[in-house]
Every structure is written in C-alpha cells, then in structure tokens.
1. Of Gly87, Gly106, which residue is open to solvent by 10 Å² or more (accessible area, probe 1.4 Å), modelled with pLDDT under 95 and in contact with an Asp or Glu (Cβ under 9 Å, 6 or more places away or on another chain)?
2. Considering only the range 128-185, give the strands (runs of 3 or more DSSP E) lying wholly within it that have at least 1 residues that are among the aromatic types (Phe, Trp, Tyr) and open to solvent by 10 Å² or more (accessible area, probe 1.4 Å).
3. Go through the range 1-28 and report how many residues are open to solvent by less than 10 Å² (accessible area, probe 1.4 Å), touching a helix residue (DSSP H, G or I) at 6+ places or on another chain (Cβ under 7 Å) and assigned to a loop (DSSP other than H, G, I, E, B).
4. Scanning the range 31-69 for residues that are among the β-branched types (Val, Ile, Thr) and not in a loop (DSSP other than H, G, I, E, B), which turns out farthest from Leu10 (Cα to Cα)?
5. Is it fair to say Arg31 is in contact with an Asp or Glu (Cβ under 9 Å, 6 or more places away or on another chain), under 23 Å from Asp182 (Cβ atoms), open to solvent by 20 Å² or more (accessible area, probe 1.4 Å) and without any contact (Cβ under 8 Å) to a residue 60 or more places away in the chain?
6. Of the conditions (1) crowded, with 16+ Cβ neighbours inside 10 Å; (2) assigned to a helix (DSSP H, G or I), Asp72 fails just one. Which one is it?
7. Scan the range 40-59 and tell me whether some residue there is more than 14 Å from the chain's Cα centre (by Cα), among the acidic types (Asp, Glu), crowded, with 16+ Cβ neighbours inside 10 Å and closer than 27 Å to Ala161 by Cα.
Amino acid sequence: MSDSTVGIGLLLPEVLGTYGDSGNAQVLCKRLQWRGYDAEVVPVSLDSSVPSTLDLYLLGGGEDMAQVLAADFLRNSPGLRSAANAGRPVFGVCAGLQILGTRFRGVDGVEHAGLGLLDLVTEPAQQRAVAELIAEPDLLETPLTGFENHQGASVLGPGSAPLGRVVRGTGNGDGTEGAVTDHIVGTYLHGPALARNPELADLLLSWVMGHALKPLDLAEVETLRSERLAARRAR
C-alpha cells in the first residue's frame, strides 16, 4: 500500500462480521474510488496486530463470546488506540459500539472492560431489539436507517454525544441512537450501515481526506433509500 492510498482497516472480520457489517469497508473503498482516489481494505485478524498507520478503522457486530474475544484482543493491541488518539476515524457497529465504550455487561451478568474511546456503558436490556431503526442525526441532514438486532442498553456519559434521536425502533434504549466523540462513531445500525446511509459514509471519508467530498450522482441509490424510509415510517 502506497502513501497515496487510503488504508481502511477492517478489524477482526472473522469474529465481528456476523451481520454483514464488513460491507461497510467495501462501501467506503468504492466511494473513494468513484471519486478518483486510491483506496484499499486492510483486514486485521486475531493472529496479527492492529497497525496504527491506517486512515480509518471499522468494527462490526458479533455474538456475545465473539465480542468479549474482540474486546480482549483490542485492549492488548495498542494500534487502534494510538490511531484514534491521533485523530483517525473509527466506526463501530453494535458489538463494535459497545467495545468502543468504557464497559459492557453480557447477558451472563459478567462485566467486561471496553476501550474507552466512547463515553458509554452498556447493560443488558429487558427485551431484545429486533426491528428497523430510524434516527434523526445531529451531524447530518438526512435520516439514518438500518436494522437493529441487540439486547444492549447503552447510556452515554458527558464525553460522548448521541449520533441521533430515535424516530422508530430502540437504539440505545433511551430515545437516542449511537454515540460520537471527536472522530469516533458508534451505532446500532446494520444494513450495512454505510450502504444505507451514504451521507454518513461521506462524513467519515471527509474526516480522512481533511475536506468535504464532492457529491456522487447516484440517483438509484437515493430513490431506493427514500422508498425504504417512507415504507418504514408508514408502518
């Protein structure tokens, strides 16, 4: 990978890839390539260490034991924390969101330390959230949409702001959805999230590139997205 190629780190896809969230890496890569930039997805597995020199890092969703395994690995591999401290964007989905927080408790009652990159704690909710999720974001103009499947209730501290406010679904469990601290973003949106929310994808990429990106003319994508939002709100 050359210095001019954007490196997109896909962290532990073998354990944090249960819900197809690895597709977020492909979305980011293609949206850069369509604009004429060189980009490459760099998978990071359990038998390697996390490099601190990539431009953006992604964590997906996973089952309870996979989440614990991933959290233990990432706490002991300093590359992600070093990159985040240097301002490089990090995007976590579902289990990834909870790992980025300060701590999370599994349904077995055992508490596990997170990475502390987001100011949030997660406890088991009384009921599992399995439904379409729509949220009005604070950083973007268009609504966020995705599918949630989790039993975590996440409470934000003062060091993180919500990614959005729930219109339909559960999200964090208190009317908010996701969390943001500087260039660290977490969400409960699957889909993959960045395929269903291209504005969010471009926000992450603008942080990488250091400037806003020119819009892409993808009318078919926006038409399908608008139809899906309208259908879900009507139910």
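1. Exactly one residue qualifies, and that residue is Gly106.
2. By residue number, 144-156.
3. Qualifying residue count, the range 1-28: 2.
4. Val68
5. No; evaluated as a whole, the condition is false for this residue.
6. Of the numbered conditions (1) crowded, with 16+ Cβ neighbours inside 10 Å; (2) assigned to a helix (DSSP H, G or I), the odd one out for Asp72 is (1).
7. Yes, there is a match, as at least one residue in the range 40-59 is more than 14 Å from the chain's Cα centre (by Cα), among the acidic types (Asp, Glu), crowded, with 16+ Cβ neighbours inside 10 Å and closer than 27 Å to Ala161 by Cα.
Results for (1) in contact with a Leu (Cβ under 9 Å, 6 or more places away or on another chain); (2) more than 30 Å from Thr5 (Cα to Cα); (3) among the aromatic types (Phe, Trp, Tyr), shown as yes or no for each residue.
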position	(1), (2), (3)
Leu140	yes, no, no
Pro143	yes, yes, no
Ala153	no, yes, no
Gly175	no, yes, no
Met209	yes, no, no
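The values are calculated or read from the model by the stated rules, or taken from the named source; none is laboratory data. Owing to the predicted nature of the structure, the values given are computational and were not obtained by experimental measurement. Cβ: placed from backbone, ideal geometry, glycine included. Neighbour counts: every protein chain shown. Heavy atoms of the whole protein, side chains included, go into the accessibility calculation; ligands, DNA and RNA do not. Shrake-Rupley method; radii C 1.70, N 1.55, O 1.52, S 1.80 Å.
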